[in-house]
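Accompanying notes for the structure given below.
Please treat every number below as a calculation from the coordinates, not as lab data. Just so it is clear, the model here is predicted, and its values are computed rather than measured. Cβ: placed from backbone, ideal geometry, glycine included. Neighbour counts: every protein chain shown.
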Amino acid sequence: MATTLITGGAGFVGSHLALALRRHRPAERVVVLDNLKRRGAELNLPRLEGAGIAFHHGDIRNPDDLDAIGPADLLIECSAEPSVLAGYHGSPRYVLDTNLGGAVHCFDYARRHHADVIFLSTSRVYPLAHLTAIALGETATRFEIAPEQSLPGISPQGISEAFPLDGPRSLYGATKLCGELVLQEFAAMYGIRAVINRCGLITGPWQMGKSDQGVVALWMARHVFGQPLTYIGYDGTGKQVRDMLHIADLADLVLMQIDQREALSGQVFNVGGGAERSASLCELTARCAAITGTTVPIESDPEDRPGDIPLYISDCAKVTAATGWRPRRDVDAMLDDLYRWMCDYRDTLRPILVGGEIQGGA
């Protein structure tokens, strides 16, 4: 029986992919490994068990935890310390050991078991200096990509894989880029079939949003639970823009890549919602208020936060040309799904999603 191992498989992305794969290939075995470090991941365990997905409590920083699972035919590497702020105000040890050391353990596991690999990387591999050098226009509610640019790989459609990679980007982005490079070397040396997805901002039900990761879910949660928000940086206007991808659209893509992984092996793709599925923080506020009927207090902090950027939009032309995939769910659908989920699980989610001063950068 074919087996797929999903690391970080009890997290937001990993659990959705596990459940989607189980539906897509019911005759195959799906196994997930997770250390349950992020609060809320434990809520996914009954969902995984109900679908017949085996859960292993372990950590990719420990190779023995991977070995205990046994062989797999496909590894989907979703595990990560996902905060762009990781290491800024303390030790970098966890982000380095997990995103780099742990990824190496995963790829060596794939080598030993001759498994194919789909690696969930990040748009944050692109350097901060280049991202902040993108020429922008400005409207009443958002920043926009200007028609004329001095850098390659940037157009009104967004940032493509041709965007420059030289320069610092954050420890989070650096460790994920290092993971990409190591995987490419493993693929060349050991014949591993591998696909890399540089994912932008992903959202949807079961995302436990925080101010440094999962901002769309956090924004909706503050409206559902009536808590204040703060626009941080860029004069405190809330004009920072990100494109958004529904987790179900990402799952659709990964399933296509699994089916086509021989043809797609060696490819690196930018994956996101694209310009049509983008919004600024202040636009997000207006949409959340309209859906919930709640207006929350908004404060402004003009000081930029380390690692924040004014705009990121994914140009997905390459992955669309290679697979035919396009996102299907728009921003309003994403917010509606988040709202219904939070209302349905209000009492369960309150202690996880409520608490502390809530801030928003980009």
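Just a few scattered comments:
- Here the Kirkwood formula puts the hydrodynamic radius of region 51-120 at 13.0 Å, using every distinct Cα pair.
- Fluctuation leader among Ile60, Ile192, Ile298 - the chain, Gaussian network, Cα springs under 10 angstrom: Ile298
- Neighbour counts of C-beta atoms inside 10 Å place Cys288, Cys343 in the sequence Cys343, Cys288, starting with the fewest.
- Max mean-square fluctuation residue, GNM over the chain, Cα-Cα springs under 10 Å, options Met334, Met244, Met189: Met189
- Based on Cα contacts under 8 Å between residues 6+ apart, region 247-362 shows a relative contact order of 40 percent.
- Working from label points 7 Å from Cα in the Cα-to-Cβ sense, the Glu299 to Arg25 distance is 4.9 nm.
- Semi-axes of the equivalent ellipsoid for the chain, computed as √(5λ) from the eigenvalues of its C-alpha gyration tensor and ordered from largest down, come to 31, 24, 19 Å.
- Fraction of the pair-distance distribution of region 1-82 above 21 Å, Cα-Cα pairs, percent: 18
- Diffusion constant of region 207-271 at 20 °C, which comes from Stokes-Einstein with the Kirkwood Cα-pair radius and 1.002 mPa s, µm²/s: 145
- Segments 74-82, 276-284 sorted - mean Cβ within 10 Å per residue, highest first: 74-82, 276-284
- For a paramagnetic label modelled on Asp108 (point 7 Å from Cα along Cα→Cβ), amide N atoms under 11 Å away are absent within region 5-29.
- Across q = 0.15, 0.26 Å⁻¹, region 262-318 modelled as identical point scatterers on its alpha-carbon atoms has Debye log10 I(q)/I(0) values of -0.70, -1.12, in the order of the q list.
- Gained length - Val354 relative to Arg340, 0.36 nm times residue gap less alpha-carbon distance: 3.4 nm
- Between 0 and 90°, nearest 10: helix 171-190 axis offset from the chain longest Cα axis: 30
- Most fluctuating residue given options Val30, Val182, Val104, as computed from a GNM of the chain linking Cα atoms under 10 Å: Val182
- Relative contact order, whole percent, for the chain stands at 18, derived from Cα pairs under 8 Å and 6 or more residues apart.
- Residues listed by number, region 316-340, amide nitrogen under 11 Å from Ala263 label point at 7 Å toward C-beta: 322-325
- With 0.36 nm allotted per residue and the present C-alpha distance subtracted, the Asp347-Arg61 stretch has 99.6 nm of extension available.
- Of the two radii for region 230-331, the radius of gyration is 1.09 times the Kirkwood radius, both from the alpha carbons; that is the Rg over Rh value.
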